[in-house]
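Below you'll find the structure, written out as C-alpha cells, and then a few comments.
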Amino acid sequence: MNQTITAFFITIAIAACNDNGTKTNTMNTSAAQTVNHVSAMPWGETDGRKVQLFTLVNQKGDSVSITSYGGTLVSWTSADRSGVRSSILAGPSTLEQFLSRPPYFGAIIGRYGNRIGGASFTLDGKKYTLPANDGPNTLHGGIKGFDKMVWDAAIPDSTRPSVTFSMVSADGDQGFPGNLKVSVRYTLTDENEIRINYEAVTDKATPVNLTNHAYFNLTGDVKNLVLDHSLTINADSYTPVSATLIPTGVIAPVEGTPFDFRAAHKIGERIEQVKGGYDHNWVLNSKGGKLVKVAELTDAASGRKLEVMTTEPGIQFYSGNFLDGKFKTAAGSLITKHSALCLETQHFPDSPNKPGFPNTILQPGQTYQSETVYRLSVQ
Ligand code: GLA
C-alpha cells in the first residue's frame, strides 16, 4: 500500500446526514478498518440545504467522489497503464459551477432520462403536459430534474465503499403524476467498478427512466478529444431520430451505417457522416432485464478500458456535441466539443409516446429496479 493510500485510510469519522441533519450512520475509521472507505465533507449549500461530497476509496486506491447535489459523480481517479493517476470523468469541480446549469455532468437523471416528444404524453386516457426545456421537447426530467435536487445521503454498508442517495419527487413535480420515492446506490468495488443501483416506487402510474450522465475521457485530460477512443456497442439496431432528436419509432438496423459499432470503431472515424455527431439510442441485443455487458470503450494512449454492463434495453451514446468550453475541469482545462462522451443506459427516448417501445410506466405496487456497472481496467 503506498503512502497516499495509507494517509487516506487514517481519515476522520464519516457521517451521512439525512434531510433533518440527523446522522443515519457513523463510522469511525480506526486502524482496524483499513479496507474500504467512505469519507464525507461539506460542499456548500443550495435550496436551504447542506450539500456534501462523498469520496469512496477501494483497495486498489481508485477513488470516486460523488456529491449529494444531483447525486452527481464528480471524479473517478485511477491509474493509467504507466501508473499515473487522473480522473476519467469530465466536469466541473465546485458546487458553484454545478449550480450554473451545466449539461448534466455526472448527474442522476430523472424522472425521465432523455426526451419526451412535444413535452407531453397521455396515460390512462389523461394528457400530461411537461415543461419544454429542449425546443418543443422535455429533456432529462424537465426544468428542475433530479440532477438539480439535493438528495438525502446515507452510508448503507460499513464494509464496502458505498453511498445511497434518496429523495421523493412529489406528485405533479415537473408535470409528472405520482409521488415517486427514488433511491440510487453507488458502490465502488475492488474490481474498479462503479455499480449503480436505481430503485423507485410510486403511488400513481408514471413514466420512469433513470440514468447517470457521466462524461468520460479515458485519457484523464479533456485536452485530448475522445475522437480517438474506440467504441463497441453490442446492438444490431438503433432508433433513428427527427430533427429535434425524437425517435421516429422505427427500429433500424445498424448494418452498413456509421451506427454499426458491433466491432470496435474509433469515434472520429465516421462521425462526419452523422449530422451533429452521435446522440442516439442503441437497441441493445441483450434486450434488458439481466445485467449484461453491452459496450466497451478503449483508449490506446492511456491503456484504459471501460466496460459497461446494464439491465437496461438501450444506451444513449452522446459524443459531447454540445460541449462548448463554458465549463472547466479541476485542472482548469476547458470542456469543449468532443472532449468527453456519455454512455447513458436507459429505456428508449419518448417511450411514453411510442407504444411499440419497451414499457416505461411504473405502476403503484411495482418496484422500478435498474442496475448499471462501469468497469475500468488497463491493458
Ligand atoms: C443527452 C442528450 C443530448 C444532450 C445532452 C446534454 O445526452 O441526448 O442531446 O442534451 O444530454 O447536453
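In the set (1) touching a helix residue (DSSP H, G or I) at 6+ places or on another chain (Cβ under 7 Å); (2) within 16 Å of the ligand (Cβ to nearest atom), the condition left unmet by K266 is number (2).
Matching residues to (1) without any contact (Cβ under 8 Å) to a residue 24 or more places away in the chain; (2) of a type in the set (A, V, I, L, M); (3) surrounded by fewer than 22 Cβ atoms within 10 Å (Cβ to Cβ):
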site: K127; (1), (2), (3): yes, no, yes
site: N137; (1), (2), (3): no, no, yes
site: G141; (1), (2), (3): no, no, no
site: M149; (1), (2), (3): no, yes, no
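All conditions in (1) under 22 Å from the mean Cα position of the chain (by Cα); (2) in contact (Cβ under 8 Å) with a residue 40 or more places away in the chain hold for R185, with the sole exception of (2). Each residue in the stretch 85-139 was checked for being farther than 26 Å from D299 by Cβ, outside any loop (DSSP other than H, G, I, E, B) and away from the ligand (no atom under 15 Å from the Cβ), and 12 of them qualify. Per this entry, L343 is counted among residues that are within 13 Å of the ligand (Cβ to nearest atom) and either part of a strand (DSSP E or B) or polar (S, T, N, Q) (or both). Within the stretch 337-349, the residues that satisfy the criterion of being in contact with a Phe, Trp or Tyr (Cβ under 9 Å, 6 or more places away or on another chain) and either over 17 Å from K287 (Cα atoms) or hydrophobic (A, V, I, L, M, F, W, C) (or both) are K337, S339, A340, L341, C342, L343, F348. Looking across A90, A107, A132, A154, one residue alone is over 17 Å from the mean Cα position of the chain (by Cα), aliphatic (A, V, I, L, M) and under 30 Å from K326 (Cβ atoms). It is A132. Based on this model, can you work out whether A300 counts as part of a loop (DSSP other than H, G, I, E, B), touching a helix residue (DSSP H, G or I) at 6+ places or on another chain (Cβ under 9 Å) and more than 15 Å from the ligand (Cβ to nearest atom)? So A300 passes the test. The single residue among L180, L210 that is surrounded by 19 or more Cβ atoms within 10 Å (Cβ to Cβ), away from the ligand (no atom under 16 Å from the Cβ) and at pLDDT 95 or above turns out to be L180. So, of the residues in the stretch 309-338 that are aliphatic (A, V, I, L, M) and under 24 Å from G276 (Cβ atoms), which turns out to be farthest from the ligand (Cβ to nearest atom)? Among those residues, the one meeting the criterion is L334. I'd like the full set of residues that are among the small types (G, A, S) and in a strand (DSSP E or B), limited to the stretch 212-234. Of everything in the stretch 212-234, just one residue is among the small types (G, A, S) and in a strand (DSSP E or B), namely S230. Restricting the first member to the stretch 156-176 and to residues that are more than 25 Å from V57 (Cβ to Cβ), and the second to residues that are modelled with pLDDT of 95 or more and of a type in the set (F, W, Y), the beta-carbon pairs closer than 8 Å and six or more apart or on different chains are M167/F146; M167/W151; S169/F146; S169/F176; G175/Y128; F176/Y112; F176/Y128.
The values are calculated or read from the model by the stated rules, or taken from the named source; none is laboratory data. This structure is a prediction, so every number in the text was calculated from the model and none was measured. Cβ sites come from the backbone with ideal geometry, for glycine too, and all protein chains shown count toward neighbours.
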